[in-house]
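As structure tokens, the structure follows; a few thoughts come after it.
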Amino acid sequence: MKKRTFLTGLLATTAMTGTAVWAAEWDGPTTGPTAAEGKSIVVVAGDLKNGGILGVTEGVEEAAAKIGWDVRVLDGAGSIQGRTGAIGQALALQPDGIIINGFDAVEQQAALEGVVAANIPMVAWHSGPKIGCDAPGGIFANVSTDAMTVSEVAAEWALEDGGQDIGVVIFTDSTYQIAIDKADRLKETVEAAGGTVLEYVDTPIADTSSRMGPLTTSLLQKYGESWTHALAINDLYFDFMGPSLAAAGLSPDKGPHAGSAGDGSEAAFQRIRSGGYQSVTVAEPLNLQGWQLVDELNRAVQGEACSGYVTSPALVTAEGLEKLGDSNSFDPDIPYRESYAEIWGK
């Protein structure tokens with residue numbers, strides 16, 4: 001297992017060295033086109049109940065206010081039909097650009113072909129396994145951390161926390177290819193180090209509120225104390241696990257210990273901070289990524305090249321949150337707002 005250093009409970013892995021630091025200086029783009037004036041954009045959100053999607057949306061709104069663009073947010077409300085309808089509504093608005101936020105481009109291939117045919121530039125957050133420039137589906141840039149690194153960090157935390165004798169249940173959602181890939185990497189990393197994956201649970205993120213309670217009770221009955229750790233591809237799974245664990249008489253420190261391979265939602269931070277039924281999350285800098293989406297879209301609408309920037313994730317623990325004060329979001333202390341504003345001439 002690759003050894004990583006957990007610095008003050010926050011881990012960021014640089015692409016070049018693998019060392020665990022958050023750069024004090026801006027490591028993103030420093031050049032690019034100045035702001036295109038008077039643009040209107042639409043954010044098509046996969047499901048605003050998802051903390052990661054919501055955090056990115058808020059970052060987009062903040063950045064759009066700085067660059068001087070109008071922004072409209074449409075909520076796909078967690079269903080395939082809802083996302084299809086939201087894309088159709090976005091097309092009808094005839095915006096200058098569209099942001100696909102938090103769902104698989106393959107799922108909406110037919111609808112997105114309509115966006116491409118209308119020559120409306122698209123950028124995306126978590127639209128598929130290919131990160132960066134020229135993502136599939138006519139997407140100019142797919143903004144994300146390296147999803148495989150996120151999974152490896154979460155799995156390695158579980159192994160360091162419990163040793164090789166851990167018994168892990170992994171939660172994923174096969175609606176999304178990226179979720180399958182992340183879960184597969186979780187499984188591979190645990191098993192390669194000698195840990196046991198007890199079960200690989202495929203259950204929709206959109207249905208966690210109704211499914212996770214009964215699932216948790218069933219898994220406890222099936223595996224008992226051999227279930228030591230729960231790993232999921234999103235924090236939302238753990239929003240609804242705690243009551244069933246409490247009903248079974250399990251305190252948060254008695255397990256199963258929960259860790260998420262993304263995205264660092266506010267609710268997850270609160271659970272970790274308060275000693276609730278989640279130990280860690282591998283967080284993405286959601287607000288920063290919202291600013292990056294606006295910058296990439298500014299490049300796209302002016303026919304410039306995508307920046308190719310990939311942000312780093314951070315392992316968030318209770319120790320790290322103590323050092324962050326009252327914040328319930330991972331917003332790295334690097335001057336990304338100032339740097340993007342300088343590029344835009346704002």
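The values are calculated or read from the model by the stated rules, or taken from the named source; none is laboratory data. As the structure is a prediction and not an experimental result, all values here were calculated from the model. Cβ sites come from the backbone with ideal geometry, for glycine too, and all protein chains shown count toward neighbours. Just the protein is used for accessible areas: all its heavy atoms, side chains included, with ligands, DNA and RNA removed. Shrake-Rupley method; radii C 1.70, N 1.55, O 1.52, S 1.80 Å.
Summary of values
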{"item": "Residue that is modelled with the highest pLDDT, among those in region 265-279 that are more than 22 Å from Ala248 (Cα to Cα) and open to solvent by less than 20 Å² (accessible area, probe 1.4 Å)", "result": "Phe269"}
{"item": "Filter pass, Gly114 being farther than 23 Å from Tyr336 by Cα, surrounded by 14 or more Cβ atoms within 10 Å (Cβ to Cβ) and of a type in the set (Gly, Ala, Ser)", "result": "yes"}
{"item": "Qualifying position, being modelled with pLDDT under 95 and of a type outside the set (Gly, Ala, Ser), among Leu236, Leu220", "result": "Leu236"}
{"item": "Failed criterion for Phe269 (all others in (1) within 25 Å of Ile131 (Cα to Cα); (2) part of a helix (DSSP H, G or I); (3) hydrophobic (A, V, I, L, M, F, W, C) hold)", "result": "(1)"}
{"item": "Subset tally (residues that are open to solvent by 10 Å² or more (accessible area, probe 1.4 Å) and outside any helix (DSSP H, G or I)) for region 203-226", "result": "1"}
{"item": "In region 158-196, residue farthest from Lys130 (Cα to Cα) [restricted to those that are of a type in the set (S, T, N, Q) and open to solvent by 10 Å² or more (accessible area, probe 1.4 Å)]", "result": "Gln164"}
{"item": "Residues of region 280-297 satisfying the condition of being at pLDDT below 90 and either open to solvent by 10 Å² or more (accessible area, probe 1.4 Å) or outside any loop (DSSP other than H, G, I, E, B) (or both)", "result": "Ala283"}
{"item": "Count - residues of region 298-334 that are under 28 Å from Ile100 (Cβ atoms) and modelled with pLDDT of 80 or more", "result": "23"}
{"item": "Residue match in region 73-92 (condition: under 19 Å from Ala141 (Cα atoms), part of a loop (DSSP other than H, G, I, E, B), open to solvent by less than 60 Å² (accessible area, probe 1.4 Å) and touching a residue at least 40 places away in the same chain (Cβ under 8 Å))", "result": "no"}
{"item": "Region 191-242: number of residues that are within 14 Å of Ile166 (Cβ to Cβ) and charged (D, E, K, R)", "result": "3"}
{"item": "Number of positions in region 51-72 that are open to solvent by 20 Å² or more (accessible area, probe 1.4 Å) and of a type outside the set (Gly, Ala, Ser)", "result": "8"}
{"item": "Residue in region 27-40 that is within 26 Å of Phe269 (Cα to Cα), within 20 Å of the chain's Cα centre (by Cα) and either of a type outside the set (A, V, I, L, M) or crowded, with 16+ Cβ neighbours inside 10 Å (or both) present", "result": "yes"}
{"item": "Single residue of region 243-264 satisfying the filter (part of a helix (DSSP H, G or I) and open to solvent by 10 Å² or more (accessible area, probe 1.4 Å)) that is nearest to Glu199 (Cα to Cα)", "result": "Ser244"}
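For (1) over 30 Å from Leu288 (Cβ atoms); (2) modelled with pLDDT of 95 or more; (3) among the aromatic types (Phe, Trp, Tyr), each residue gets a yes or a no:
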residue	(1), (2), (3)
Ser209	no, no, no
Thr216	yes, yes, no
Trp227	yes, yes, yes
Pro243	yes, no, no
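Per-residue answers, yes or no, for (1) part of a strand (DSSP E or B); (2) in contact with a Pro (Cβ under 8 Å, 6 or more places away or on another chain); (3) at pLDDT 95 or above:
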| site | (1), (2), (3) |
| --- | --- |
| Ile120 | no, yes, yes |
| Pro129 | no, no, no |
| Glu160 | no, no, no |
| Val168 | yes, no, yes |
| Ile178 | no, yes, no |
| Val190 | no, no, yes |
| Val201 | yes, no, yes |
